[in-house]
Every structure is written in structure tokens, then in C-alpha cells.
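Take a look at the structure set out below.
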């Protein structure tokens, strides 16, 4: 199975879970439990998405700047973007493992 498929499935599930919590659990659980649920679903989307977004911007953006505008000052930025992309994938893996363990 492609990692893109895994990412898409997990992202979709996270959004559905967040919507269910916002609209379907309000009458069923205490406000404290609802806040905990919201925290879990929000982080499951926000952390990997933030890492991927920053990683793509820094990694790809710095390479574009190097190639198109010869901005050599951006050279050290590329590995930082790469580390953020790795962290995004690791975060996604952690999310998948926690979802699988229930």
C-alpha cells in the first residue's frame, strides 16, 4: 500500500472523527471528555499537517530559490525542511500505531 494512500486514509479518518466529536458527541459525554476528544482529534491532524507543510515549504522552497534565483544562502535551509518532512512521516507513523492499538 502506498504511503500516500495511508496518509490520505488517516487524514480522512481524522477529519471524520473531529466532525463526529463536534456534532455527535456533544449530548453524549461530559464537557471534560469532549475537550479531551477534541484535543486528540485536533492533534492527530494538526501535528503531521504542520510538519509536512513547513517541510515542503522549506525543503522545496529552498531548492527552488537555489535553482531559479541562485540564492546560495538558502542551501542550509534545505536539510531543515528535510528533517521536518521526516518528522511529519514519523508523526504519521505514530498516529497510525496509536490508532491500530486502539
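Summary table below
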read-out	value
Computed over the chain: relative contact order in percent, which uses C-alpha pairs under 8 Å that are six or more apart	26
Helix-derived mean residue ellipticity, 222 nm - over the chain, DSSP H n ≥ 4, -39500 (n - 2.57), to 500	-30000 deg cm²/dmol
C-alpha long axis of helix 3-23 to longest principal axis of the chain, angle in °	40
Length gained when the stretch residue 35-residue 57 is fully extended (0.36 nm per residue, less Cα-Cα span)	4.8 nm
Highest average packing first - 54-60, 6-12, Cβ atoms within 10 Å	54-60, 6-12
With Cα atoms, 0 to 90° folded angle of helix 31-69 axis to the chain main axis	10
Spin-label pair residue 6/residue 66, simplified geometry with 7 Å Cα→Cβ offset, distance in nm	2.7
Potential lengthening between residue 19 and residue 47 on full extension [0.36 nm per residue; Cα-Cα distance subtracted]	8.3 nm
Relative counts (whole %) of C-alpha pair distances in the stretch 3-101, using bins that are 5 Å wide	3, 13, 18, 17, 13, 12, 9, 7, 5, 3, 1, 0
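Where a number appears in this text, it was derived from the coordinates with a stated rule and is not lab data. What you see is a predicted model, and the numbers here were worked out from it, not measured in a lab. Cβ: placed from backbone, ideal geometry, glycine included. Neighbour counts: every protein chain shown.
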